[in-house]
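These notes concern the structure reproduced below.
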């Protein structure tokens, strides 16, 4: 990937410089880049050492466990299938907390382990088709927006560039990351939700003829107080339409399981 | 608003210090050893980054000197302007989803031209801190488990990246 980025940048610059007649300035740019890299790297040394040191101390003091305790209840909601199948939540939590602490080297293998667990949850269907499950998509998209509590390289870059307050961006980064993570979960699930809605509408239009009589009967009974009975009608309607009872059984079956685990 | 500027670092250091002071001797030594090994890792990372940075910074400097970056900024300025993103960040936004070290190189180059404390510098910082290399992550995670149909993963990840950039600039405008 890096080779491609390097190639694209170089070739576009040469073409662009040839067109605009700036080819002589390119050499200066290259020389500046090479020496600049050394300056930046040296500037990074101190800050990178400090921040990575602090992260290791926090890790040794149990920050990973503390973060996991906060993150895992949320992750259970985001990955209900993994939670129901009791397979994958531990891996996902480990990957997310490693990402939060910016443990780059540890985070990638942990994330792949989490993805493997989710793939196993996909069962035979995934093995046969190789089609990513909803939760696999969510995990991948969420990883691209993962919260980094101490963005070491960024802090080091700002320090090296002589920022008056390298750490002033921390709170904005946390806010932005949090919002992005929420959006990532939403957008990765949006197609699945949309599909469900479309199916619901389809079912409603299919069941119009049979549903009409039930609705008419229900509304006749609901006339005196429609604010509280309105809900009942929809409930009755739902129970009567095909397909839905199966889902309700499923959630009912999942309930005791949830209660059973501490 | 001022986010306790300059206080976060000393506070974190003080809490690490308290951790070392108020724990048993063996534990305290363990914490300090952890710091040293972490610092070593940090230096290794910075040194390991140097060769990559040389290549990428040369390419990035050339890209800027040729006027290509300016052209790109001009081309994207209607879109970026509407979204409230400074045009200086055009190249950074395009490279960010592809490569982490290339975006670090771009940020380093950007910070050498404009102050990291300026509006664009802050926007670049928040974008860099709250986004990740989307395309790389999706490719690595999915190829590791043999996904053949990624479905809407990549478009979704890139949308998140764009929303992240817009949000980052809005947060900088509103809060800093």
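Just so it is clear, none of the values below were taken in a lab; they were calculated from the coordinates. Just so we're clear, the structure is a prediction, and the values are computed from it rather than from any experiment. Here Cβ is always computed from backbone atoms with ideal geometry, including for glycine, and neighbour counts include all displayed protein chains.
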*asked:* Percent of Cα-Cα pairs more than 27 Å apart in segment A:29-191, please.
replied: 36
*asked:* From the convex hull of the Cα coordinates of the protein assembly as shown, what is the mean projected area in square nanometres?
replied: 27.3
*Given a Förster radius of 45 Å and the C-beta distance between residue B:144 and residue A:24 as r, what FRET efficiency does 1/(1 + (r/R0)^6) yield to the nearest 0.05?*
0.45
*May I ask you to work out the translational diffusion coefficient for segment B:75-176 at 37 °C, viscosity 0.692 mPa s, via Stokes-Einstein with Rh from the Kirkwood sum over Cα pairs, reported in whole µm²/s?*
230
_Three-way shape label, segment A:101-144, alpha-carbon gyration tensor, a/c 1.5_ = prolate
_Convex hull volume of chain B per residue (C-alpha atoms, cubic angstrom)_ = 166
*asked:* For a Förster distance of 25 Å, can you work out the FRET efficiency between the beta-carbons of residue B:82 and residue B:158, rounded to the nearest 0.05?
replied: 0.90
*Peptide ranges B:88-96, B:107-115, B:11-19 listed from the most packed, as the mean C-beta count within 10 angstrom indicates*: B:88-96, B:107-115, B:11-19
*asked:* For a Förster distance of 60 Å, can you work out the FRET efficiency between the beta-carbons of residue A:206 and residue B:15, rounded to the nearest 0.05?
replied: 0.45
_Give me the one-decimal nm value for the distance between modelled label points at residue B:7 and residue A:42, 7 Å along each residue's Cα-to-Cβ direction._
3.6
*For chain B, what relative contact order do you get, as a whole percent, if you take Cα pairs closer than 8 Å and at least 6 residues apart?*
20
_Label point distance in nm, residue A:124-residue B:175, each placed 7 Å from Cα along Cα→Cβ_ = 5.0
*In the P(r) worked out for segment B:7-66, what percent of Cα pairs fall beyond 16 Å?*
65
*asked:* Restricting the calculation to Cα positions, tell me the Rg (one decimal) and the Dmax (whole number) of segment A:115-213 in Å.
replied: 21.7, 75
*asked:* Quick check: pseudo-label points 7 Å beyond the Cα along Cα→Cβ at residue B:36 and residue A:196, how many nm apart are they?
replied: 5.4
